[in-house]
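Notes follow once the structure below has been shown.
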Amino acid sequence: LACSHHHCAFPLNRNELCIWNTATAQPLHLSGHHYSISAVAFGSNTSPLLVCSASRERVIVWNLDECAQKVQEGLTPQGIVIGTLLGMVLHVRFSPDDQQVAVCAGNQIYMLSAKNKAVLAELNGHLAPVTAAEFCTWEESMLISVSEDRTFKARKLCLRLLFFLFFLPPAKVWDYSTGQSIYQSAVLTAFPLLSLLIDEEDKQIITGCAEGQLWIFSLVSDHNYRCVTHINLKKEQEKFCNKMCKSGKEIGKGQNTSKLCKTNNRRPEGSVETSLPILLIERCDFLVCFHNEENISSALNTRHFLIGSSTGLLIIDLANFELEGFLTYKDYSDLSIQFAGSCALTKAAVNGKVLCLITSMFEDMIAVLEVNLAALVRTQQSDFLQCGNENSLSVIARYRITLNSFPPRVKSTVKDQPLVFHNKIKSSGYTAAPQMTMFSSNNNLKKKEVSKWKASCKCKNKEYPLESYPPIKYEKEISVTCKPTPICCIKYSGDGEMLACGLSDKTVLIFNSNLTDTHNVFSGHDGAVNSVGWSHDKKWLVSASEDRNLRVWSVCNNKPALTLGKEMFHKTARFAQFYFMDTFILLCCGAEFHLLSFHLDTTKDDLKRYKNRSVYKLVQKFSMASTTEITSLSAVNDFYSYIVLTAGSNRALEIFDLNAGCSTAVIPEVHTRSVHQICQNKGSSFSTQQPEAYNLFMTTAAGDGIKLWDLRTLR
């Protein structure tokens with residue numbers, strides 16, 4: 001099967017080619033084969049539009065404009081036979097300029113001229129039938145092929161220009177020599193590779209096998225064909241169904257997800273598990289708009305590729321390689337085909353719709369589907385995408401938080417007084433419901449106060465120059481100690497002028513940003529320092545160590561201003577940092593993180609000079625669900641934000657809203673391995689836009705790679 005923008009091509013009566021015009025719904029019948037047609041492909045250009053059909057005994061190129069003209073004149077259209085007796089042809093593909101045709105027949109690839117009967121090259125090397133081949137548009141004369149031998153090959157087709165001088169004028173003859181193999185992959189899987197797609201924008205190839213596995217390889221020159229990612233479509237489909245069913249139960253409204261829940265990983269007893277062969281991979285871009293309650297639309301990712309399988313269609317996002325939506329043939333009663341033997345898709349979506357051409361695996365039957373991809377993704381994603389409703393996640397605090405919004409941080413000393421000195425004793429409040437709002441907003445701020453507050457914060461935060469390039473040049477290297485010592489953690493101050501390092505020799509070092517001078521050295525921990533964090537005003541430094549201690553240091557003094565001992569934590573304290581504009585301290589301990597309020601006082605009493613006057617108080621503990629240990633934590637201290645992000649050993653990401661005092665969202669299986677780093681975009685929150693529209697991103701890093709997320713939509 002084959003599809004172009006407005007035409008579909010498929011065999012009729014086995015050896016007759018039918019071209020169906022989708023605009024006029026008029027068929028064009030082309031006869032010229034004696035055996036069953038096994039491969040069809042449209043040309044790359046639209047004027048003239050070429051189509052190539054192949055069977056066991058011949059390969060024919062048809063000019064559709066000339067064929068339509070012949071039919072109008074009452075004549076029989078004829079094509080150009082460019083190859084004969086090549087064997088069983090499984091795939092044909094035009095070159096980008098429509099001058100050559102790659103014909104995959106058996107273990108070989110024949111390069112044929114599209115204008116006459118001439119074999120330009122024969123490419124060997126595969127050990128099994130070649131199932132697909134694609135031309136690389138940005139690399140001249142480069143061809144990539146996949147085979148049933150479970151490998152892919154990259155070849156360079158060498159061009160030689162020969163001049164012949166006869167009594168006739170000189171003529172140019174292009175001679176394709178035997179293709180030089182540039183790269184051959186290892187065996188990728190135990191199942192044959194069936195489909196192939198070259199992504200021109202990202203310069204990578206996508207190939208799929210008969211068991212529903214996808215591999216993405218980079219074609220960038222210095223990447224050496226490295227594997228970008230591997231996708232198991234069965235697992236992705238099960239995870240998508242579980243997420244849809246869970247979303248339907250929790251929300252309790254919206255679309256009906258009963259059809260999607262039928263395809264979960266629980267199979268009825270006595271049923272047979274079917275494979276998910278990837279018959280086709282096609283690039284397709286379309287716009288998906290989501291509407292909130294105020295009927296304001298917002299567009300999300302539009303770069304996708306479609307997977308045509310034997311059971312349905314799957315939509316994969318090219319930005320994150322996640323499943324966006326799918327449909328199965330058996331869920332539609334009007335469709336007589338439940339298992340497809342082959343599939344074809346149009347390369348461009350018109351108004352979000354594409355044409356899908358499928359044939360039955362067991363019968364001589366063809367069906368044409370018009371699929372609205374935008375509507376499919378919108379309906380399946382609307383249940384668990386937050387689109388700006390009242391309960392959506394807000395990264396930036398809506399109001400300024402004043403100091404009187406919090407409980408007092410220093411316990412007042414009570415003098416000797418009678419036990420009861422009031423006529424009426426106020427109730428202790430045991431019977432009242434606990435107050436869940438941690439941060440109460442102050443709405444009575446004057447405009448002058450708000451402007452002064454914003455101006456002061458702008459002065460503290462330096463904007464990163466947008467015209468600057470990312471740091472890729474090696475600048476300087478220094479040794480932090482005389483002997484080899486591992487550096488466990490590093491942290492820049494908010495203005496980028498100071499750098500703090502936690503070492504395994506139980507010390508903390510502070511350097512200037514240009515690494516020219518050691519500003520200070522802090523010692524006192526009994527274990528390796530695993531995390532350091534700067535205060536917003538750059539006056540304090542918090543450090544956590546493997547000795548289960550946490551210390552707060554004054555940058556100008558090498559003695560700790562506050563120390564939390566082992567009796568406070570049952571496990572090692574990690575990821576210590578200041579939070580909420582230096583109002584709190586956050587740290588992790590096992591599967592929970594602690595929120596501490598504190599008051600720092602470095603003054604000394606003459607009589608009790610060894611007693612520390614700084615105090616702290618545990619505000620609340622938050623536990624991460626279904627995990628044994630928090631592997632990463634991130635919160636913004638450069639502006640007021642309620643959001644705390646945590647990642648656990650269960651490979652899940654959990655978002656906490658500390659203003660509500662609870663977890664607001666859980667994203668399971670963020671990576672295939674545990675996340676070891678979360679980084680947020682901590683730029684200035686005072687932009688020309690409203691805080692609700694502020695676009696804040698985060699990145700998660702694990703052993704399998706790095707992902708970029710939008711915190712507004714959790715995608």
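The values are calculated or read from the model by the stated rules, or taken from the named source; none is laboratory data. All values reported here derive from a predicted model rather than from experimental measurement. FYI the Cβ positions are ideal-geometry reconstructions off the backbone, even for glycines, and counts take in every protein chain you see. Heavy atoms of the whole protein, side chains included, go into the accessibility calculation; ligands, DNA and RNA do not. Shrake-Rupley method; radii C 1.70, N 1.55, O 1.52, S 1.80 Å.
Here are the numbers for this structure:
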{"item": "Accessible surface of VAL71 - all protein chains present, 1.4 Å probe, nearest 10 Å²", "result": "70 Å²"}
{"item": "Accessible-area value, HIS536, 1.4 Å probe, nucleic acids and ligands omitted, Å²", "result": "30 Å²"}
{"item": "Percent carbon-and-sulfur accessible area, the stretch 482-714, ignoring ligands, DNA and RNA, probe 1.4 Å", "result": "50 percent"}
{"item": "Using a Förster distance of 30 Å, the FRET efficiency for LYS483-SER649 (Cβ separation, nearest 0.05)", "result": "0.35"}
{"item": "Whole-number percent relative contact order across the stretch 482-714, with pairs defined as alpha carbons under 8 Å at least 6 apart", "result": "10 percent"}
{"item": "Amide H partners (placed H, <5 Å) of ASN650, local residues excluded", "result": "THR628, GLU629"}
{"item": "Relative contact order, percent, the stretch 12-90 [alpha-carbon distance under 8 Å, six or more residues apart]", "result": "25 percent"}
{"item": "Protein-only accessible surface order, largest first, of TRP534, TRP540 at 1.4 Å", "result": "TRP540, TRP534"}
{"item": "Length gained when the stretch CYS18-ASP334 is fully extended (0.36 nm per residue, less Cα-Cα span)", "result": "111.4 nm"}
{"item": "For GLU475, solvent-accessible area (1.4 Å; no DNA, RNA or ligand), Å²", "result": "140 Å²"}
{"item": "Simple label model, 7 Å out from Cα along Cβ direction - GLN108 to LYS571, nm", "result": "6.4 nm"}
{"item": "Where only alpha carbons of the stretch 482-714 are counted, the Rg and the Dmax (Å)", "result": "17.9, 58"}
{"item": "Accessible area per residue in Å² at 1.4 Å probe, computed on the stretch 482-714", "result": "45 Å²"}
{"item": "Flagged links, alpha-carbon separation over 19 Å, of LYS539/LYS566; LYS347/LYS707; LYS506/LYS604; LYS491/LYS604; LYS506/LYS566; LYS559/LYS604", "result": "LYS539/LYS566; LYS347/LYS707; LYS506/LYS604; LYS491/LYS604"}
{"item": "Difference of contour (0.36 nm per residue) and Cα-Cα distance, THR516 to ASN372", "result": "45.8 nm"}
